[in-house]
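Structure record follows, encoded as structure tokens.
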């Protein structure tokens, strides 16, 4: 049987088995890949084996093959979807397609073979790619890896990772010095509860006194949350899951306080570059933009300008708590897997979180306590200064982290669902005198600020005032209670009131209703 007599295409219905694919070097730099026309799936399988073993920049991401295109010295690698053309190019880098009909004849890989390869995911055997990162990869035993390239333990592609030096067994004194190193470059930021002192800066040739954080005092709650944010950013590519970081300022004078700049600073320590931010709007536009952001391989995304409103998002809850987390892009029927190593940050003025998101984040509160914080002057270029100190700051952060992995055993309960993050980030900082950024008190306080909870509490208080714990029919409810349950008097039917009471039950108001076809009765059983 000679391949030269067979057309390029699907098998021709022959009953005898195809000859084995022969791969050899034979005085050439690349092995042969025999294109066997009677059954091109055999060729596709042989190609898949070659690509998996020899093509170092071919991976699988979101259940599809992708190529990682290296960037220049200061850039970020890019991820390129693989089509038939990319398969053909990759094939000719690792092998030489040939036909054999008495003599060896070199050919271009047929497009049908490339298409068959793409249609056979069970044959790919490619390494999974989750994300890009330019920070060292960390292990739970305190090990630190700084080599660029693919990290099989996490699926992260590492690039431009700086060489660092961290003590093998950091003492408490080492960790305290490292913490002081981390605090110093961020001392000019207006953490809401900071103790301040004046420091003289030379600005435009003039000596100007600037209020800075008093570094000889232990960090306050807001600065402690900032330090947790910094350590979270450094650890995030190595953690399978972590809470979001929120940077929030007050309503009227919060603009220009430096929320996004603070996040850019901590991200620069970890990644050596600024990270992208996006104003996603609200409602469906927010969900659409968030889905587009979290399926990217970027190490971080910043959701900017969530001002004066409650942040609620089913997608955000999912990507902050589920592994794997799948999301559906708007207008597309298929689900896509969210980047499991992406850090999510939120900035804005006077915003709150819906109840489901409260425990999935921690907040850095900022307040410059001046009317126009954007008019303040500071010396130098903050991000340029951070860039110069990046290696030193990264070493300091990892000294604190390694101290925690080796010497700190927490006695406080972990943040539910984020046990590893608690041990890696919160516990070493608390051991060094920082405030707990996710204490039960803070979470409870944040929950009480949820408008739904406040509305439920107001309903209950009014009900208790007018009816105590008496049984009462829906029609007999006091008008003040009815107004809280349903503000529109035209919609205050017995069935609507019963429905509102039923929904209020889920928000903490103990109530029971009989079917709406009968007299509906509800009972308040006590104040909460």
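The values are calculated or read from the model by the stated rules, or taken from the named source; none is laboratory data. Remember, predicted model here, so these are calculated numbers, not experimental data. Here Cβ is always computed from backbone atoms with ideal geometry, including for glycine, and neighbour counts include all displayed protein chains.
Taken together, the residues in segment 106-142 that are free of Cβ contacts under 8 Å to residues at least 40 places away in the same chain and touching a strand residue (DSSP E or B) at 6+ places or on another chain (Cβ under 9 Å) amount to 2. Taken as a whole, segment 169-180 holds at least one residue that is farther than 25 Å from residue 134 by Cβ and more than 31 Å from the chain's Cα centre (by Cα).
Is it true that residue 273 is modelled with pLDDT of 90 or more and touching a helix residue (DSSP H, G or I) at 6+ places or on another chain (Cβ under 9 Å)? Considered against the rule, which asks whether it is modelled with pLDDT of 90 or more and touching a helix residue (DSSP H, G or I) at 6+ places or on another chain (Cβ under 9 Å), residue 273 comes out as no. Would you call residue 344 within 26 Å of residue 243 (Cα to Cα), in the same structural domain as residue 243 (by TED's automatic domain parsing) and part of a helix (DSSP H, G or I)? So residue 344 fails the test. Quick one: is residue 362 out of contact with any helix residue (DSSP H, G or I) (no Cβ under 7 Å at 6 or more places or on another chain), in contact (Cβ under 8 Å) with a residue 24 or more places away in the chain, farther than 15 Å from residue 234 by Cα and outside any helix (DSSP H, G or I)? Taking the combined requirement at face value, the residue does not satisfy it. Residue 264 meets all of the listed conditions (1) modelled with pLDDT of 90 or more; (2) within 21 Å of residue 415 (Cβ to Cβ) but one, namely (2). Given the criterion in a loop (DSSP other than H, G, I, E, B), crowded, with 19+ Cβ neighbours inside 10 Å and more than 35 Å from the chain's Cα centre (by Cα), identify the matching residue among 40, 109, 33. Checking each option against the conditions leaves just 109.
Is it the case that some residue within segment 85-96 is over 29 Å from residue 38 (Cα atoms) and assigned to a loop (DSSP other than H, G, I, E, B)? Break it down stepwise before answering.
Restricting attention to segment 85-96, the residues satisfying the condition of being over 29 Å from residue 38 (Cα atoms) are none.
No, segment 85-96 contains no residue that is over 29 Å from residue 38 (Cα atoms) and assigned to a loop (DSSP other than H, G, I, E, B).
On the basis of being part of a loop (DSSP other than H, G, I, E, B) and surrounded by fewer than 16 Cβ atoms within 10 Å (Cβ to Cβ), does residue 297 make the cut? Here the answer is no, as residue 297 does not meet what is asked.
Of the residues that make up segment 54-69, is at least one part of a helix (DSSP H, G or I) and at pLDDT 90 or above? Walk me through how you get there before you give the answer.
Going residue by residue through segment 54-69, those that are part of a helix (DSSP H, G or I) are 54.
Remaining after also requiring at pLDDT 90 or above: 54.
Yes: one or more hits.
Those strands (runs of 3 or more DSSP E) of segment 137-211 in which at least 2 residues are exposed (fewer than 15 other Cβ atoms within 10 Å of the Cβ) and in the same structural domain as residue 261 (by TED's automatic domain parsing), considering only elements entirely within it, cover 196-203.
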